[in-house]
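**Q** The structure that follows is given in the form of structure tokens.
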Amino acid sequence: MYQMLIDGELVDGSASLDVVNPVTGQAFATCGRAEEDDLQRAVAAARNAFPGWAALSWTERAVYLNALADGIEERGEEIAQLLTDEQGKPLGQARFEVGASVAAFRYFSAQEMLPRVVVDEPTSRVIEHYRPIGVVAAITPWNFPLILLSVKLAAALATGNTVVAKPAPTTPLSSLLVGEVAAAILPAGVLNVIVDANDLGGLLSAHPDVAKVTFTGSTATGKKVMQSAASSLKRLTLELGGNDAAILLDDVDVDEVAPQIFNAATFNAGQVCMAAKRIYAPRAKYDALCDALANLANSAVVGDGHDPATAIGPIQNQMQFDKVMDLIEDSRRIGTIVAGGRRLNRPGFFIAPTVVRDLPDDARLVQEEQFGPVIPVLAYDDIEEVLERANDSEFGLAGTVWGKDVDRAVEVAMRIRTGTVWVNKHLDLRFDVAFGGVKQSGIGREQGDDGLREFVETHVVSIAKA
Ligand code: NAD
């Protein structure tokens, strides 16, 4: 039984939870699960640990963060195997996620926000100090359970906050292993990891002793978090959904970009917030792109993440599987499915990579976030038109522009209203570069200087000089 971390102790909690392997659709492990009193103990522990942790210097906290990085690295293979078991992703990608998590702790351990003298005049000296906020609730989804948790923990802990982490109930195990590692390293209460049955997020984000919520998940849940947080005016970072456009310009070589677009749309079985979710091709290249993507979809190896041949794993859970299948059925009625369009004839939550063409712009697959390996391909006639269509979305997370003339591609990228636009590449995320959404894709940023600032309050000391 995998255990939770509360106040420095590994505990079973008041209840338990079965975790399903998406390859089989069957439970394969059990873990401890919190009820309300466990959550209260976790928040109280984080509150009690806060003054001591906040009082440490950046260098002292860095020692702990590096020890966490070492601890995760030592158990890296075990964590990666478990991540593939619970999430379904190919093992190579799970190993990469573990490596990225280790790197996140190391990167944030090396950061320091020194006090800044902003006024130094004959009569006045003003200094900005950057202070931790307090207890942070870190709430994460099931698509990248480990790296999304690690980035939140590393930034929150480096800046001197204490944390109650709550992973998604369908992928809690890799987060619990991070808790196990932390139990032997961090002072009691600095990090608490609890599991719920999708029932404690509201309580956690409304809790009066939680000063900040850092949340990654869907836009719908993000709105609930904002409502819950309003009661005590909590600080918020919300990393929410996306419906990213990929725009191919008319000078692209279709054979060259099609594999990159396919990967951008189907990496992690399409369960990526910044996946390419709507593909726009110039009309003259539309047929060629649809054919190339269909060929790639038909030849992609879909299967168990533990099989080294697998490129695309299953959908992570039954609810998401049903949602993606529903979008496929809706698309079948109004568009043309040129590849896939069906579940695989085997247990588990497998969907054949699917390419759909000839959809109207108001199709659900174009308007909504599919979060699965289903690619709508749309034709356009001129740049002004495609920009208007790409920007006509309540989402604004990221996007890509593909073209041989890089200056022109950058000009187009500059007109896309999202937090990030990649030109001739995708998924290039770095800890030193801010990431986050505009419009309903989120509030605030993670990573980069902006990401660190999300975990501090500016404390101004203004001194009269004699
Ligand atoms: P979700 O919103 O259903 O769940 C996310 C987390 O919120 C889970 O831990 C869940 O238990 C918790 N939760 C549920 N109800 C809550 C409540 N009332 N208050 C607080 N927390 C609550 O999201 P999901 O389905 O797990 O993840 C998929 C979504 O996440 C997609 O929309 C995707 O685009 C988004 N996402 C965004 C980013 C980003 O960086 N912007 C990254 C990954 C995923």
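The values are calculated or read from the model by the stated rules, or taken from the named source; none is laboratory data. These numbers come from a predicted model, not from an experiment. With ideal geometry, Cβ positions are generated from the backbone for all residues, glycine too; neighbour counts draw on all protein chains shown.
**Q** How many residues does segment 176-192 contain that are more than 19 Å from residue 205 (Cα to Cα) and either among the small types (Gly, Ala, Ser) or away from the ligand (no atom under 16 Å from the Cβ) (or both)?
**A** So the answer is 11.
**Q** Does residue 254 satisfy being within 16 Å of the ligand (Cβ to nearest atom), closer than 30 Å to residue 340 by Cβ and surrounded by fewer than 24 Cβ atoms within 10 Å (Cβ to Cβ)?
**A** When the stated conditions are applied, residue 254 does not pass them.
**Q** Of all residues in segment 281-318, which are surrounded by fewer than 14 Cβ atoms within 10 Å (Cβ to Cβ) and among the basic types (Lys, Arg)?
**A** 283 - this is the single residue of segment 281-318 that is surrounded by fewer than 14 Cβ atoms within 10 Å (Cβ to Cβ) and among the basic types (Lys, Arg).
**Q** Can I ask one more? Report yes if some residue within segment 146-162 is surrounded by fewer than 24 Cβ atoms within 10 Å (Cβ to Cβ), in the same structural domain as residue 15 (by TED's automatic domain parsing) and either β-branched (Val, Ile, Thr) or within 15 Å of the ligand (Cβ to nearest atom) (or both); otherwise report no.
**A** yes
**Q** Restrict the check to segment 200-208 and report whether at least one residue is more than 14 Å from the ligand (Cβ to nearest atom) and not assigned by TED's automatic domain parsing to the domain that holds residue 50.
**A** No, segment 200-208 contains no residue that is more than 14 Å from the ligand (Cβ to nearest atom) and not assigned by TED's automatic domain parsing to the domain that holds residue 50.
**Q** Ok, one more. Quick check on this structure: which one of 255, 209, 250 is charged (D, E, K, R) and over 30 Å from residue 403 (Cα atoms)?
**A** Being charged (D, E, K, R) and over 30 Å from residue 403 (Cα atoms) holds for just one of 255, 209, 250, which is 209.
**Q** Could you list all residues from segment 223-240 that are closer than 15 Å to residue 444 by Cβ and near the ligand (Cβ under 6 Å from one of its atoms)?
**A** Answer for segment 223-240, where residues must be closer than 15 Å to residue 444 by Cβ and near the ligand (Cβ under 6 Å from one of its atoms): 225, 239, 240.
**Q** Shifting gears a bit: If you scan segment 230-245, which residues turn out to be crowded, with 16+ Cβ neighbours inside 10 Å and farther than 18 Å from residue 156 by Cα?
**A** 240, 241, 242, 243, 244, 245
**Q** Next up: Can you pull out every residue in segment 264-273 that is touching a strand residue (DSSP E or B) at 6+ places or on another chain (Cβ under 9 Å) and either crowded, with 24+ Cβ neighbours inside 10 Å or not hydrophobic (A, V, I, L, M, F, W, C) (or both)?
**A** 264, 265, 266, 268, 269, 270, 273
**Q** Among the residues of segment 276-285, is any aliphatic (A, V, I, L, M), modelled with pLDDT of 95 or more, in the same structural domain as residue 447 (by TED's automatic domain parsing) and more than 16 Å from the chain's Cα centre (by Cα)?
**A** no
**Q** Separate question: If I filter segment 333-347 for residues that are among the polar types (S, T, N, Q) and either outside any loop (DSSP other than H, G, I, E, B) or in contact with a Leu (Cβ under 9 Å, 6 or more places away or on another chain) (or both), do I get at least one hit?
**A** Within segment 333-347 (the criterion being among the polar types (S, T, N, Q) and either outside any loop (DSSP other than H, G, I, E, B) or in contact with a Leu (Cβ under 9 Å, 6 or more places away or on another chain) (or both)), the answer is yes, since at least one residue qualifies.
**Q** Only one of (1) under 30 Å from residue 77 (Cα atoms); (2) in contact with a helix residue (DSSP H, G or I) (Cβ under 6 Å, 6 or more places away or on another chain) is not met by residue 135, so which one is it?
**A** (1)
**Q** Next up: Mind checking which helices (runs of 4 or more DSSP H) fall wholly inside segment 174-280 and carry at least 2 residues that are free of Cβ contacts under 8 Å to residues at least 60 places away in the same chain and under 20 Å from residue 353 (Cα atoms)?
**A** The qualifying helices (runs of 4 or more DSSP H) are 254-266.
**Q** A further question follows. Quick one: in segment 73-127, which of the residues that are touching a strand residue (DSSP E or B) at 6+ places or on another chain (Cβ under 6 Å) and surrounded by 18 or more Cβ atoms within 10 Å (Cβ to Cβ) is farthest from residue 31 (Cα to Cα)?
**A** Of everything passing the filter in segment 73-127, 113 is farthest from residue 31 (Cα to Cα).
**Q** Check segment 3-16 and report whether any residue there is crowded, with 22+ Cβ neighbours inside 10 Å and over 23 Å from the mean Cα position of the chain (by Cα).
**A** Within segment 3-16 (the criterion being crowded, with 22+ Cβ neighbours inside 10 Å and over 23 Å from the mean Cα position of the chain (by Cα)), the answer is yes, since at least one residue qualifies.
**Q** Are any of the residues in segment 83-90 assigned by TED's automatic domain parsing to the domain that holds residue 189 and more than 17 Å from the chain's Cα centre (by Cα)?
**A** Yes, that holds for at least one residue.
**Q** Residue check: is residue 430 within 15 Å of the ligand (Cβ to nearest atom) and either within 21 Å of the chain's Cα centre (by Cα) or more than 28 Å from residue 217 (Cβ to Cβ) (or both)?
**A** When the stated conditions are applied, residue 430 passes them.
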